[in-house]
Structure formats: C-alpha cells, structure tokens
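Structure, as structure tokens:
All of the numbers you see were taken from the coordinates with simple rules; none came from a lab. A quick note: this is a predicted structure, and the numbers were derived from the prediction, not measured. No Cβ is skipped: glycine too gets one built from the backbone with ideal geometry, and neighbour counts run over all protein chains shown.
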C-alpha cells in the first residue's frame with residue numbers, strides 16, 4: 001500500500017515537471033559546467049580513494065565512485 | 001525485499017519512458033581525458049602502492065569509450081597477518097573498460113571489470129542508464145552490476161565462489177545556478193563465500209575458524225550537495241560540498257559517513273581542495289573480539305567490528321598548460337590524506353589494548369584533456 | 001521496501017514539486033514574430049543594434065564557452081558568413097558567459113570571422129526568452145523572426161544556409 005503511494009508520487013513529479021519551464025535558464029548554467037561544481041572531478045582519483053576506504057570498512061555503495069576489487073587481508 | 005525493489009525499478013522505468021523530451025541537447029558524454037597516476041598507502045603495517053591509468057575517448061558525437069588499468073603492489077604485515085601468519089607480498093591487477101552511448105537526453109553505459117590476485121579473481125559486468133528531464137535540471141540514473149568472484153587460499157586446494165548483484169538508483173537536481181543536490185540509493189545482494197580464508201576468530205582466547213553467513217543484503221542511501229561559493233568577474237572561484245551516507249545490512253551493521261570539502265582557485269593555475277571525512281559503524285551481529293561460547297556464525301574481522309575513522313585530506317591541482325601537444329589542457333595533481341582508525345571492540349592481541357592505527361594515503365597524477 | 005527509503009523518496013518528490021512550481025514558461029519568439037530590438041557591445045568594441053541591420057538577413061546565435069554543442073557549431077558558421085556577407089547577410093553571435101575572459105579565450109581558439117556580442121548581463125537572453133543552448137534565429141530583411149533552431153545537431157548548419165539563401169532572395 002505504502003509502496004503504491006510512493007510510486008504515484010514519483011510518477012506525479014515526472015509528469016508535473018513537464019508542464020513548467022526551467023527555473024535555472026539555459027544561459028545561466030555556466031557555473032554548473034565549472035569543474036568546481038562537478039560531483040566527481042577526477043574519476044580515477046575518486047575511485048582510488050573509494051577503494052582505500054571500502055576495503056577497510058563494512059559499508060559500501062551509494063558513492064560517487066565505484067571502489068573496485070579486493071584488498072589486503 | 002528483492003521483489004519490491006524490482007517492482008520499483010520497473011515502475012520508474014515506465015515513468016521515464018512516458019516522458020517525452022523536447023529535442024534539447026542537454027545531456028553530454030564524459031570528457032575525453034587521460035590520467036596517469038602513482039598511488040601509495042601506508043598504515044597499520046600494510047603498504048600498498050602502484051600505478052593506475054585511465055583513458056577516455058569519444059568516438060563520433062554519440063559514443064565515448066574508456067579503458068582503465070590499476071595495480072596494487074601489496075606488502076602486508078597487518079595486525080591479522082603478523083598475529084596469525086607471516087608478512088607477505090602480492091600483486092593485484094585490475095582491468096576495466098566501458099562504452100557510453102548518448103541519444104538525445106539519455107546516456108546508456110556498459111562496463112566490464114576484472115580483478116586478479118593470486119588467490120582472488122573477480123569479473124564484473126554492469127549497465128547504467130541516465131536520463132535528463134525538466135530541461136536538463138534533473139537527471140535520473142539507474143545502474144546494475146553483476147560480479148562473480150573465485151576465492152582461493154594460497155598453498156591449498158581451497159576454492160569457493162561469491163556472487164554479487166548491485167542495483168543503484170540516483171537523482172541529481174540543479175536547484176539554483178550554483179547549487180546541485182543528489183540523492184542515491186544502492187543495494188548490494190551477495191551470496192557465496194563472503195569471508196577471508198586466512199582469518200580466524202577467537203573463542204575463549206583460542207583460534208577457531210571464522211564462519212560467516214552465505215548471504216548478505218546491504219542498503220545505502222546517500223545525500224549530497226555542492227554549493228558554489230565565491231566568484232570574481234563572473235567566474236566561480238570556490239565551492240563546497242557536503243555528503244552524508246547511511247548504510248545498513250542483514251548482518252546488523254549500521255554505518256554513517258559524513259564528508260565535507262571545500263575547493264578554491266588560488267590563482268589561474270592552482271586549485272586546492274581540503275576535505276574531512278568521518279566514518280562510524282556498529283558491529284555485525286556475529287562479530288566478537290573474543291567469543292565466550294561457540295556460535296553458528298563467528299567473525300573477528302575488524303572491518304565488521306564497532307569502529308570509527310576520521311580522515312583529513314587535501315588535493316592540489318596545478319594547471320600545466322592550455323592547448324599544447326594536441327591537449328586542450330593538462331594538469332599535475334597531488335593528493336594527500338591522513339586517516340586515523342579507532343576500534344571499540346577489536347583488541348591488538350600484542351598489547352591487549354583496543355586497536356588503533358594511522359594511515360597515510362598519497363597520490364600524484366597527471367591529467368590531460370583532449 | 002523499507003519505510004526509511006520510502007520516506008526519503010517522498011521528501012525528494014515534495015522538494016522537487018515545490019521547486020518546479022517556482023518556474024515560469026519564457027520561450028524563444030515564434031516564427032512570424034518581430035525580433036525584439038537590442039543593442040550590445042561587440043568584440044571589436046563597437047555597439048551593435050539589431051534595428052540598424054533592417055534590410056539585411058540576420059542570423060542570431062546564442063552561445064557560451066561552457067556549451068559543448070555551441071563550440072562545435074560556431075566554426076561551421078564561418079563559411080555561411082563568408083559566402084553571403086556581400087549579398088546582405090549579417091551574423092551576430094551573442095555570448096552569454098558570466099566571465100568575459102572565458103569568452104575571449106574561447107574566441108581566440110575558435111577563430112570566428114563574424115562579430116560576437118557580449119551579453120554577460122543576460123539582458124538579450126532574457127529578452128529573447130532563450131530556452132536552450134545554443135539557440136539560433138534567422139531574421140528576414142523586415143526584422144521578423146522566420147526560423148528558430150533549438151540546440152545544435154549534425155547538419156543544422158546546412159539548414160541555416162538553405163534558410164539564409166531563401167530569405168536573401170526575398
């Protein structure tokens with residue numbers, strides 16, 4: 001029941017959003033293209049650091065980079 | 001849990017398919033670049049270093065492909081190793097590759113990865129789909145990864161396998177021209193041999209084999225935001241980010257991660273980013289430093305214990321040149337991170353005290369864009 | 001599905017709905033509408049006013065240094081400009097970079113033969129309701145917008161050339 005409710009809400013955002021225009025105009029998106037606003041500026045470096053952490057921690061997932069591989073015992 | 005997740009994923013797919021996007025070219029493929037890195041880790045008696053390489057190139061207007069190579073040269077004398085065995089050296093090599101295809105506002109990606117160690121080989125295949133909606137202000141992405149690992153034990157006939165299935169769902173939202181937010185969810189479903197064949201648990205002070213469950217379902221939800229901060233002459237000069245992740249799994253582990261970072265352009269060439277990271281987790285239900293009675297599942301892996309770590313890091317990027325040698329840009333980067341681990345229920349059997357250690361992580365890499 | 005995840009999805013949905021409501025629906029002028037007049041400084045230092053170009057066919061292109069399709073499209077317009085300039089054709093590339101230096105660095109790399117107008121204040125972009133980057137408008141000799149192109153895809157430059165040729169014949 002709760003699950004169906006959530007699906008309805010998600011579908012509503014998708015359809016509702018189509019009707020209105022963008023509140024950040026296309027000509028105002030310069031900064032969003034700047035490396036300083038990037039989620040993962042250096043993918044190789046981010047992946048390496050994620051690997052260093054993943055290998056020593058119990059938690060994994062939902063990060064900007066995939067850790068990859070198995071580490072030292 | 002698995003059935004409900006599949007239903008949600010299918011429903012979202014339908015919702016996306018129902019959208020009709022105006023022919024705006026908002027979505028872009030990742031940039032063409034090459035990164036060559038040397039990485040170094042030293043902490044808790046373990047030293048790992050090696051090279052890494054990533055090359056990404058667009059083919060035509062719609063396709064982008066990448067290849068990566070990564071080596072870990074491990075010199076291991078960690079606490080587990082010195083207290084139960086002897087120090088060893090080994091080499092891990094990882095190869096990866098993938099291709100992304102852009103069509104209007106959607107990007108579809110396929111990837112493969114293989115990791116080889118003398119006693120552990122894993123192969124992964126994955127697919128991702130990202131779709132921009134609301135004039136490119138919102139990006140919804142779905143990802144699936146499947147991997148199989150063959151686990152062995154040096155100098156023995158031991159062999160077992162482990163399967164892993166990962167499902168990811170993410171939403172990224174442009175809130176203002178200088179604020180981005182994202183929300184990600186990932187579930188990892190594993191089955192098979194999920195422990196290390198080298199480690200032992202302790203029962204009343206004596207070594208006994210570890211016994212782990214043969215399944216593990218984990219979930220992680222993460223929220224992040226990036227805010228542009230200072231600007232001069234219309235150019236962005238600094239930004240800050242904040243990330244929070246909550247993790248939980250069927251082994252009763254609960255973990256939280258908080259990351260805070262600040263990036264700033266010192267001048268036309270230098271970009272510096274200090275950062276902080278805090279991680280805290282509670283122990284797995286079948287973990288104990290020293291069991292007092294025999295249990296069905298027993299683990300003494302400090303990764304499953306109650307512990308926390310704090311890290312302080314900084315990355316500095318130096319712009320080498322623009323538009324030379326067929327590269328539009330090249331930079332030299334240095335990254336240093338200092339991590340302190342503190343365990344609340346894992347003892348250093350050499351001292352009888354709760355274990356803690358410090359680690360230094362260092363990277364130097366050259367990046368070129370073309 | 002866990003109650004926690006469900007709640008998080010609901011919160012995100014509510015936030016997004018609230019933000020979506022704050023938008024408005026400005027858009028580029030439709031074909032047949034009079035092209036709004038504007039004046040802006042060009043890269044040669046002169047002020048350029050659209051109404052002073054009445055009698056010529058004008059192509060107005062909105063671009064930015066951070067817009068990758070824009071960077072692909074601009075050098076292709078050099079040919080059209082060279083070919084039809086003498087017949088009474090004008091090309092105005094309106095740059096919307098916040099930082100003038102970024103635009104000038106890109107101009108050096110692209111080697112454009114036609115004037116670039118700087119619209120850092122976004123007055124012209126707002127006036128035209130630019131709803132995509134890049135955006136291209138082809139304006140006839142009477143100052144009316146005749147063709148509007150949103151974005152840039154392979155082969156658009158051939159369409160522009162066809163349309164300019166057609167309007168020059170009028």
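Taking other C-beta atoms within 10 angstrom as a stand-in for reagent exposure, C:63, A:23 fall in the order A:23, C:63, fewest first. The label point for residue B:157 and the one for residue C:27, both projected 7 Å from the Cα toward the Cβ, are 7.4 nm apart.
Remark: B:132, B:259 ranked as B:259, B:132, counting other beta-carbon atoms within 10 Å and listing the fewest first.
The C-alpha atoms of chain C define a longest principal axis, and helix C:3-21 lies at about 40 degrees to it.
The Kirkwood radius of segment B:216-370, taken over pairs of alpha-carbon atoms, gives through the Stokes-Einstein law at 20 °C and 1.002 mPa s a diffusion coefficient of 114 µm² s⁻¹. Out of every Cα-Cα pair that segment B:84-234 contains, those further apart than 25 angstrom amount to 52 percent. The alpha carbon convex hull volume per residue for segment B:39-100 rounds to 80 Å³.
Here each label is just a point 7 Å from Cα along the line to Cβ, and for residue B:270 and residue B:354 those points are 3.9 nm apart.
Legend: translational diffusion of chain C by Stokes-Einstein, Rh = Kirkwood radius over C-alpha pairs, 4 °C, 1.567 mPa s; D = 74 µm²/s. Quick check: the distance between the Cα centres of segment B:275-349 and segment C:22-70, to the nearest angstrom? Going from one Cα centre to the other spans 52 Å.
Computing FRET efficiency as 1/(1 + (r/R0)^6) for residue B:342 and residue B:370, where r is the C-beta to C-beta distance and R0 is 45 Å, gives about 0.50. Given in Å, the Rg to one decimal and the Dmax to the nearest whole number for the Cα atoms of the protein assembly as shown are 27.8, 98.
The alpha carbons of chain B stretch over 67, 48, 36 Å along the principal axes, in descending order. With the convex hull of the Cα atoms taken as the outline of segment B:160-210, the averaged projected area works out to 6.6 nm².
If you look at the Cα atoms of segment B:255-311, you get an Rg and a Dmax of 19.2, 64 Å. Label sites at residue C:109 and residue B:121, each approximated as a point 7 angstrom past Cα along Cα to Cβ, lie 4.4 nm apart. With neighbours defined as other Cβ atoms within 10 Å of a residue's Cβ, the residues A:25, C:159, B:280 order from fewest to most as C:159, B:280, A:25. Note on residue B:148 and residue B:227: with the Förster distance fixed at 41 Å, the Cβ-Cβ geometry gives a FRET efficiency of about 0.50.
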